[in-house]
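I have placed the structure first, in the form of structure tokens, so that the comments after it can refer back to it.
Read the figures in this text as sums done on the coordinates, not as results from a lab. None of the values given here were measured: they were computed from a predicted structure. Reconstructed Cβ throughout: ideal geometry from the backbone, glycine too, with neighbour counts over all protein chains shown.
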Amino acid sequence: MQYEGVLTKMQTELGDPIQYYLVFEDSFLNVNQLLNKNIEINFSGYQCLNCGKKKKIYRQGFCYDCFYSSASVGDWIMKPELSTAHLGIQDRDLAYEEKVQLQPHIVYLALSSEVKVGVTRKTQVPTRWIDQGAIQAISIVEVPNRYLAGVTEVALKNHYADKTNWRKMLTNSIEHIDLLEERLKLEKILPAEVQEYFFLNKNDLYEMHYPVIEYPTKVKSLSLEKTPTFEGKLTGIKGQYLMFEDGTVFNIRSSEGYVVKISV
């Protein structure tokens, strides 16, 4: 069977294990069904997720021009503390920024390699945690806008990592820590303006189980630009990565906007 189209991040469904789907324009594929099977990936070009033109992808599935003009990839995405919609101040498109920034956001602790702190819109729970390969996650505060989430994250970055070590995540080399206990330590270090939103005693620990037959001991990353045709046996799916028997891992998220043909 063959599936062809533009890569976008895998859609996920919380289950035991998590279900993964690759969605193309006129078809979709439940990736879990490919476990233990040989698949071939062929890379044939680019298509910007924003303008739809066949231009080389620069970052996050966008061509260079769209990356520096689209409201959906402003600096406040990666640095929520730069959000200004709550002040009525525009970055690139105030209507878009109000829609995204002025909604409930969660600041959380997640266990993907070591404990990390992060921010997500409430509507993205638990998708955000699945996308980063967390095995557990817990909310710290739920705040009414992205800016407050950002200043909370900045305060907690002094105590926790804010990025996942993808190699540790994919080899399952995870430091096991009690996140409920960890959250109890945070009350005194949260910024004053978010103290009222603190989830002190809420038991909302999420656990994620991934469809992995075998974890690799070492990983090597597949770049379709360097290796436009790859074939291997799929042994696991975690975060937004496909994991193969030979230790090759393929990050779907960082290959958004790539046009591929997948043969099973």
If you place +1 on the Cβ of every Lys and Arg and -1 on the Cβ of every Asp and Glu, how big does the dipole about the Cα centre of the stretch 104-207 come out, in debye to the nearest 20?
320 debye
Of ALA149, ALA71, ALA137, the one that fluctuates the most in a GNM where the chain has Cα springs shorter than 10 Å:
ALA71
Over the stretch 104-207, what is the percentage of antiparallel beta bridges among all DSSP beta bridges, to the nearest 5?
95 percent
Show me 156-164, 79-87 ranked by packing, highest mean number of other Cβ atoms within 10 Å first.
79-87, 156-164
According to a simple spin-label model (label point 7 Å from Cα along Cα-to-Cβ), what is the distance in nm between GLU25 and ILE213?
3.3 nm
Sorted by average packing, counted as other Cβ atoms within 10 angstrom per residue and highest first, what order do 112-124, 58-70 take?
112-124, 58-70
When the chain is fully extended, how far beyond the present Cα-Cα distance does GLU175 get from ASP65, taking 0.36 nm per residue of separation?
35.5 nm
Using distinct alpha-carbon pairs, which all enter the 1/r mean, Kirkwood radius of the chain in Å:
19.6 Å
Applying a 10 Å radius around every beta-carbon, put 225-238, 175-188 in order of their mean neighbour count, most first.
225-238, 175-188
Taking the stretch 104-207 on its own, what percent of its Cα-Cα pair distances exceed 23 Å?
18 percent
Along the charge dipole of the chain, which of LEU7, GLY236, VAL115 sits closest to the positive end, that is, farthest toward it, with unit charges on the beta carbon of Lys, Arg, Asp and Glu (+1, +1, -1, -1)?
LEU7
Pairwise Cα inverse-distance average, inverted: Kirkwood Rh of the stretch 1-158 (Å)
17.8 Å
Linear extension gain, HIS86 paired with GLU98, 0.36 nm per residue minus alpha-carbon span
3.6 nm
